[in-house]
Amino acid sequence: KYLEIKLAYKEGVPNITKLGLVSKPGRRIYKGAKEIRKVRNGYGMSLVSTSHGLLTDREAREKKLGGEVLLEVY
């Protein structure tokens with residue numbers, strides 16, 4: 001299985017400045033669908049592990065699924 005992240009560039013510089021882990025092996029972070037927030041007002045994204053597989057924060061909110069928030073891409 002692969003995770004593909006496409007970089008968005010603005011004037012030759014990548015817009016992504018940070019890739020941060022939210023859940024860690026010692027501390028798992030679980031959120032309900034209403035608690036999953038937008039990252040950088042929708043310009044970033046979160047990766048959420050749900051019962052329906054890995055979803056972006058937008059897909060999880062649309063499907064009203066919560067789960068473990070794995071990482072955020074700023």
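For Glu68 and Ala8, a Förster radius of 22 Å and the Cβ-Cβ distance give a FRET efficiency of 0.30, rounded to the nearest 0.05.
Loop-located chymotrypsin sites (Phe, Trp or Tyr not before Pro) in the range 1-44 (DSSP state other than H, G, I, E, B) with a sparse environment of at most 16 neighbouring Cβ atoms within 10 Å: Tyr2, Tyr43. For the chain, lysine pairs separated by 8 or more sequence positions, or belonging to different chains, with Cα-Cα distances below 22 Å total 15. Sorted into 5 angstrom bins from 0, the C-alpha pair distances of the range 24-74 split as 5, 24, 36, 23, 11, 2 percent. Taking amide H atoms as placed 1.01 Å from N in the peptide plane, the amide H of Asn15 lies under 5 Å from those of Ala8, Tyr9, Lys10, each 5 or more residues away in sequence or on another chain.
Close amide H contacts of Thr50 (hydrogens built in the peptide plane, cut-off under 5 Å, sequence separation of 5 or more or a different chain): Leu55.
Computed from phi, the 3J(HN,Hα) profile of the range 59-74 under the Karplus parametrisation 6.51, -1.76, 1.60 (θ = phi - 60°) reads 5, 5, 5, 5, 8, 6, 10, x, x, 8, 7, 7, 8, 10, 10, 9 Hz, with x in place of Gly and Pro.
The calculated FRET efficiency for Arg27 paired with Arg58, based on their beta-carbon distance and R0 = 22 Å, is about 0.35. Of the GluC sites (Glu not before Pro) found in the chain, those that fall in a DSSP loop while having at most 16 other beta-carbon atoms within 10 Å are Glu4, Glu11, Glu35.
None of the figures in this text is laboratory data; all of them are computed from the coordinates on show. Keep in mind that this is a model prediction, so the values were computed, not measured. As a convention, Cβ positions derive from the backbone with ideal geometry for all residues, glycine included, and neighbour counts pool all protein chains shown.
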